[in-house]
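See below for the structure under consideration.
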Amino acid sequence: MDAIVDQGEESARELRDWKDWFAAYDDPESPLVKRLAAVQQGIRRALDEAPSGVINVLSLCAGEGRDLIPVLADHPRRADVRARLIEFDPVIAQKARDAVAAAGLDGVDGTDGIGGVGGLDGAGGGTGAIVDVMTGDAADPALFGDYAPAHLLLLCGIFGNITEADIQNTVTRAAHLTALGGTAIWTRHRHDPAVIPRIHGWFGDAGFSGLWESDTDLPTVIYVAANRQEREPTPLPDDRKLFTFVR
Ligand SMILES: C[S@@+](CC[C@H](N)C(=O)[O-])C[C@H]1O[C@@H](n2cnc3c(N)ncnc32)[C@H](O)[C@@H]1O
């Protein structure tokens, strides 16, 4: 596999190439398909229950956008949505942009880090939704812009690939990124089931309540949960990164 090197880091570090990982979504036998269904159901519920007006959505480490884009494509609130998807790998990010176009959503090219401005009235045709796929480091708060605090924060496929200290840091900082009443949806495998309650505890400490969780009879590799922000968020206190992938 090709290695991706983040030239922006002081000491360039080799990162895993995730391009092949998404093939599992096309295998009906894969547990990832069940995980996707749970995440999509949660996204639909968050959009259904969102207050009237603009719905900000932030998807960190968005991959090909397989969770959010198909739900937005036919959701009645899609014209209210402003979504930023941040994905590090430019090839994977381009797949997400292609999916946005194929779904008939109004994609804004955020490659330069400036995308996603304007068009909330649906100008430009399509469904009216603004879906901005940005290529970059999703751990860097500089890329969140005015998409935070978000009514829906997607943290899928992250917590199994970072240290527990970084999970805790990300959850703590998610409190600043999620609007009052907003939903954070996250995933984590259950190979070490003790981690799940700890993550819920960190969400609780950060002001979230538990909203729902996936069936525990799903394969061990799957766990999806949603937590609801119960406090008025304050801006992020600093520009420190949220996490670093270690796998
Ligand atoms: C396990 S996949 C999950 C993708 C997607 N969220 C999903 O659930 O289908 C992890 C993704 O995170 C991306 N990634 C890894 N580190 C990243 C970073 N620092 N910023 C943005 N994306 C990153 C990888 O390229 C990969 O596409």
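The values are calculated or read from the model by the stated rules, or taken from the named source; none is laboratory data. In this text the structure is predicted, and so the values were computed from the model without any measurement. Note that we place each Cβ from the backbone using ideal geometry, even for glycine, and neighbour counts take in every protein chain shown. Ligands, DNA and RNA are stripped out before the accessible areas are found, and what is left, the full protein with its side chains, is counted by its heavy atoms. Shrake-Rupley method; radii C 1.70, N 1.55, O 1.52, S 1.80 Å.
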Out of all the residues in the range 162-204, which are open to solvent by 50 Å² or more (accessible area, probe 1.4 Å), in a helix (DSSP H, G or I) and over 25 Å from residue 50 (Cβ atoms)? 164, 165, 168, 197, 198
If we scan the range 142-157, do we find a residue that is within 16 Å of the ligand (Cβ to nearest atom), farther than 23 Å from residue 54 by Cα and out of contact with any Leu (no Cβ under 6 Å at 6 or more places or on another chain)? yes
Residue tally, condition modelled with pLDDT under 65 and surrounded by fewer than 17 Cβ atoms within 10 Å (Cβ to Cβ), over the range 122-141: 4
I'm checking my understanding of the structure. Among residues of the range 212-224 that are without any contact (Cβ under 8 Å) to a residue 60 or more places away in the chain and surrounded by 15 or more Cβ atoms within 10 Å (Cβ to Cβ), which one is nearest to residue 33 (Cα to Cα)? 223
Is the range 225-243 home to any residue that is in contact (Cβ under 8 Å) with a residue 24 or more places away in the chain, surrounded by fewer than 22 Cβ atoms within 10 Å (Cβ to Cβ), hydroxyl-bearing (Ser, Thr, Tyr) and away from the ligand (no atom under 15 Å from the Cβ)? yes
First in the range 57-75 and at positive phi, second anywhere and open to solvent by less than 10 Å² (accessible area, probe 1.4 Å) and part of a helix (DSSP H, G or I), Cβ under 8 Å, 6 or more apart: 63/92; 63/96; 65/96; 65/100
Considering only residues that are in contact with an Asp or Glu (Cβ under 8 Å, 6 or more places away or on another chain) and part of a helix (DSSP H, G or I), look in the range 39-69 and name the one that is nearest to the ligand (Cβ to nearest atom). 39
Mind checking which pairs have a first residue in the range 13-35 that is within 21 Å of residue 94 (Cβ to Cβ) and a second that is of a type in the set (Lys, Arg) and within 12 Å of the ligand (Cβ to nearest atom), Cβ under 8 Å, 6 or more apart or different chains? 16/247; 22/66; 22/95; 25/66
Pair list, Cβ under 7 Å, 6 or more apart: the range 167-194 residue over 24 Å from residue 235 (Cα atoms), other residue at pLDDT 95 or above and open to solvent by 10 Å² or more (accessible area, probe 1.4 Å): 187/35; 187/156; 187/157; 188/160; 188/196; 189/160; 190/196
Of the conditions (1) over 15 Å from the mean Cα position of the chain (by Cα); (2) surrounded by 18 or more Cβ atoms within 10 Å (Cβ to Cβ); (3) assigned to a strand (DSSP E or B), residue 151 clears all except one; give me its number. (1)
For residue 84, which of the numbered conditions (1) within 19 Å of residue 224 (Cβ to Cβ); (2) open to solvent by less than 20 Å² (accessible area, probe 1.4 Å); (3) outside any helix (DSSP H, G or I); (4) not small (Gly, Ala, Ser) fails to hold? (1)
